Amino acid sequence: MKTGIEERACDLAAYIIESRATVRAAAKRFGISKSTVHKDLSERLEGISRPLYLQVKAILEYNKAERHIRGGMATREKYKKRA
């Protein structure tokens, strides 16, 4: 039987896989901190379900690689609104 933490890690993984969400979006959706999401997905999940961990890891790596683009777009929108 899964503990609450293990269940939360699996729920987070399922959410990220389905929606391709960022750590920040998952934290907001589940009402927990980004560091808790990251710990659940990068440390705890590996011991619970290796295949699920590998799927989530790929999505998180993609999000990290695209992070600078999203930040640039947000900055662009910010200054567009000011002009």
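The values are calculated or read from the model by the stated rules, or taken from the named source; none is laboratory data. Because the structure is a prediction, the values reported are computed rather than measured. Here Cβ is always computed from backbone atoms with ideal geometry, including for glycine, and neighbour counts include all displayed protein chains.
Would you be able to say whether some residue in region 57-73 is among the charged types (D, E, K, R), modelled with pLDDT under 95 and not in a helix (DSSP H, G or I)? Looking for residues that are among the charged types (D, E, K, R), modelled with pLDDT under 95 and not in a helix (DSSP H, G or I), one finds none in region 57-73, hence no. Got at least one residue in region 36-48 being farther than 13 Å from Ala9 by Cβ and loosely packed, with under 15 Cβ neighbours inside 10 Å? The answer is no; no qualifying residue exists.
Candidates are the residues of region 1-35 that are surrounded by 14 or more Cβ atoms within 10 Å (Cβ to Cβ) and among the hydroxyl-bearing types (Ser, Thr, Tyr); the one that is farthest from Glu66 (Cα to Cα) is Tyr15.
Do we find a residue being among the acidic types (Asp, Glu), part of a helix (DSSP H, G or I) and either in contact with an Asp or Glu (Cβ under 6 Å, 6 or more places away or on another chain) or touching a residue at least 40 places away in the same chain (Cβ under 8 Å) (or both) anywhere in region 42-56? Before you say what the answer is, go through the steps one by one.
First, the residues of region 42-56 that are among the acidic types (Asp, Glu): 43, 46.
Now narrow it down to the ones that are part of a helix (DSSP H, G or I): 43, 46.
Subset that is either in contact with an Asp or Glu (Cβ under 6 Å, 6 or more places away or on another chain) or touching a residue at least 40 places away in the same chain (Cβ under 8 Å) (or both): none.
Within region 42-56, not a single residue is among the acidic types (Asp, Glu), part of a helix (DSSP H, G or I) and either in contact with an Asp or Glu (Cβ under 6 Å, 6 or more places away or on another chain) or touching a residue at least 40 places away in the same chain (Cβ under 8 Å) (or both).
Among residues of region 9-36 that are more than 18 Å from Gly47 (Cα to Cα), those with a beta-carbon under 6 Å from a residue that is surrounded by 14 or more Cβ atoms within 10 Å (Cβ to Cβ) and among the basic types (Lys, Arg) at least six positions away or on a different chain give the pairs Val23/Lys34; Arg24/Lys34; Ala27/Lys34. Within region 1-32, being under 12 Å from Gln55 (Cα atoms) and part of a loop (DSSP other than H, G, I, E, B) holds for one residue alone: Arg20.
Taking first residues from region 58-79 that are closer than 14 Å to Arg20 by Cα and partners that are in a helix (DSSP H, G or I) and not β-branched (Val, Ile, Thr), the Cβ contacts under 8 Å between residues at least 6 apart in sequence or on separate chains come to Leu60/Leu41; Leu60/Ser42.
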